[in-house]
Amino acid sequence: NPVLQVKNLKKIYKVDTVETPALQGVSLEVHQGEFIALAGPSGSGKSTLLHLMGGLDKPTSGEVWLGGKRIDGLSRAQLSDLRLWNVGFVFQAYNLIPVLTALENAAFVLELRGEPREVRESKALGALETLGMKDFAHRRPNQLSGGQQQRVAVARALAARPKIILADEPTANLDSKTGLALIEHMRTLNREHGVTFVFSTHDPRLLERVDRIVRLEDGQIAA
Ligand code: ADP
Ligand code: ADP
């Protein structure tokens, strides 16, 4: 059974009277342990698809299934609970909380889950160490570079140890060495811990390591 599935998914954004069709009937099955790239030109619908797959936004029509459960009709509260336990996100707007340190940001989801302090700190520190950010654990986002903030955002997703990680251009803001380290780490989590990954990317180093490339064009799967 797929861990994540979308069926005939359509999304039309409406801004004032202007309608933008972002997805025009996308169907996709993601199986446990897959490592999938979404490719395609800017504006082809990759971010929109990732948002809908994670329940961050609702489709205009079509279905989204996560872990055998249909989620497109759930309430906001049900969706946020679902995300807390089931999905990790690495999105471009880092969404780090400015008043919290890197460590507190990385541990935030674990705190929401009610995990004890020692457990959250050890998981969050471990994840920061993986991303080469342990020495920056006590800095706040405005004391870090863009690339370092990106690494904290990735660490936050890893610390929560979700079964599925959805990522929008995870290596886009990283220097070449850090980007490569992140790719290797994602692959290891995938191979050794069975974590399923779906991410958008233009990074050729990442594209050459995936199981499957789903190419979007004009809101449709082209290949
Ligand atoms: P990609 O991630 O492939 O660059 P997006 O999913 O961001 O593509 O965008 C697909 C289309 O939807 C584009 O035409 C974009 O301008 C439009 N779009 C994306 N987000 C919004 C939004 N919040 N409001 C209005 N239009 C949007
Ligand atoms: P520990 O619990 O002592 O950290 P583990 O063997 O459980 O040791 O994990 C080793 C590392 O692998 C962790 O620090 C974590 O970053 C990562 N990891 C383990 N399981 C998962 C998982 N399901 N999802 C994501 N990352 C994981």
Of everything in the range 206-222, what is at negative phi and either in a loop (DSSP other than H, G, I, E, B) or β-branched (V, I, T) (or both)? Give them in sequence order. E208, R209, V210, D211, I213, V214, I221, A222
Can you tell me which residue in the range 157-204 is farthest from the chain's Cα centre (by Cα), limited to those that are away from ligand 2 (no atom under 16 Å from the Cβ) and of a type in the set (V, I, T)? T178
Cβ-Cβ distance below 7 Å, separation of 6 or more or different chains: which pairs start in the range 33-48 with a residue that is more than 16 Å from P21 (Cβ to Cβ) and at pLDDT 95 or above and end on one that is assigned to a loop (DSSP other than H, G, I, E, B) and of a type in the set (D, E, K, R)? E34/D211; F35/D211; I36/D211
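For (1) assigned to a strand (DSSP E or B); (2) over 30 Å from E192 (Cβ atoms); (3) within 16 Å of ligand 2 (Cβ to nearest atom), each residue gets a yes or a no:
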| residue | (1), (2), (3) |
| --- | --- |
| Q5 | yes, no, no |
| L9 | yes, yes, no |
| E19 | yes, yes, no |
| A22 | yes, yes, no |
| G25 | yes, yes, no |
| I36 | yes, no, no |
| P41 | no, yes, no |
Looking at G194, G146, which one is closer than 29 Å to T20 by Cβ, away from ligand 1 (no atom under 16 Å from the Cβ) and surrounded by fewer than 19 Cβ atoms within 10 Å (Cβ to Cβ)? G146
Assess whether F89 counts as being aromatic (F, W, Y) and within 16 Å of ligand 1 (Cβ to nearest atom). yes
Restricting to the range 164-191, and then to whatever is of a type in the set (S, T, Y) and in contact (Cβ under 8 Å) with a residue 24 or more places away in the chain, can you tell me which residue is surrounded by the fewest Cβ atoms within 10 Å (Cβ to Cβ)? T178
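The values are calculated or read from the model by the stated rules, or taken from the named source; none is laboratory data. Bear in mind the structure is a predicted one, so any value in this text is a computation, not a measurement. Cβ atoms come from the backbone with ideal geometry, glycine included; neighbour counts cover every protein chain shown.
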